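The structure appears below as structure tokens.
The values are calculated or read from the model by the stated rules, or taken from the named source; none is laboratory data. Keep in mind that what you see is a predicted model, and the values were worked out from it rather than measured. Note: ideal-geometry Cβ built from the backbone for every residue, glycine included; neighbour counts use all protein chains shown.
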Amino acid sequence: MFQGIKKFKNQKDKKGFSFLEMIIAMAIFSLAIAAAVAAFASVVNTQKKTREIQRNVESAGTSIELMSKTIRMSSQTATYHAGKEIRLYNNSQGKCISYRFNAGNGNLEISEVSSSTGGTDCPNAGTYPASSYSTLIPEVSGLFSVTQTRSSSPKRMGKATILVNIGQNHLQSTVSFMNYSSIL
């Protein structure tokens with residue numbers, strides 16, 4: 001009988017966590033979980049933004065390659081609107097092509113029209129209908145710069161420079177014209 005009372009007394013001396021200690025432990029655990037969730041949400045948000053920037057840069061790179069190929073195979077190249085537009089006659093397609101950075105909607109756009117004379121003469125500035133343009137890259141800005149080929153001394157190979165700004169990213173490409181015969 002004394003052993004049973006002694007056993008009961010030993011169990012009574014063993015203490016567990018009090019209710020207050022449990023509440024404090026749960027609060028600390030909750031704060032740790034909230035911090036971890038906030039950090040995870042921040043990482044996911046940054047990853048989404050990075051993917052969007054990567055897609056835009058890849059799209060711009062592809063468009064610059066398309067423009068470079070077109071410019072390389074063209075003649076009668078000139079810029080308009082303070083370098084915001086480049087117009088050229090594409091010898092391989094037999095079309096007049098205009099690329100422009102549209103400040104109104106922030107897009108890089110392309111228009112292809114037939115030559116006004118059926119030859120390599122393209123329409124003058126302002127004669128490309130606005131409805132003929134389609135978007136290549138949305139939400140960009142940039143400039144075109146053209147250095148014409150010069151056959152007189154000193155001879156110089158012509159080139160066009162394309163600069164595309166996508167937010168904080170800048171892509172640039174310089175393309176030489178392939179009209180070598182005029183300088184040889």
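Considering only residues of segment 137-154 that are surrounded by 14 or more Cβ atoms within 10 Å (Cβ to Cβ) and touching a helix residue (DSSP H, G or I) at 6+ places or on another chain (Cβ under 6 Å), which is nearest to G167 (Cα to Cα)? For segment 137-154, the residue satisfying everything is I137. Hey, can you tell me all the residues within segment 137-157 that are over 23 Å from R55 (Cβ atoms), touching a strand residue (DSSP E or B) at 6+ places or on another chain (Cβ under 6 Å) and either outside any strand (DSSP E or B) or hydroxyl-bearing (S, T, Y) (or both)? Matches in segment 137-157: S145, T147, M157. Residues that are of a type in the set (D, E, K, R), assigned to a helix (DSSP H, G or I) and either over 15 Å from the mean Cα position of the chain (by Cα) or surrounded by 14 or more Cβ atoms within 10 Å (Cβ to Cβ) (or both) within segment 30-89 comprise K69, R72, listed in sequence order. In the condition set (1) over 30 Å from Q172 (Cα atoms); (2) modelled with pLDDT under 90, A35 is compliant with all but (2). Report whether or not K84 is without any contact (Cβ under 8 Å) to a residue 12 or more places away in the chain, among the basic types (K, R) and out of contact with any Asp or Glu (no Cβ under 9 Å at 6 or more places or on another chain). So K84 does not fit the description; no.
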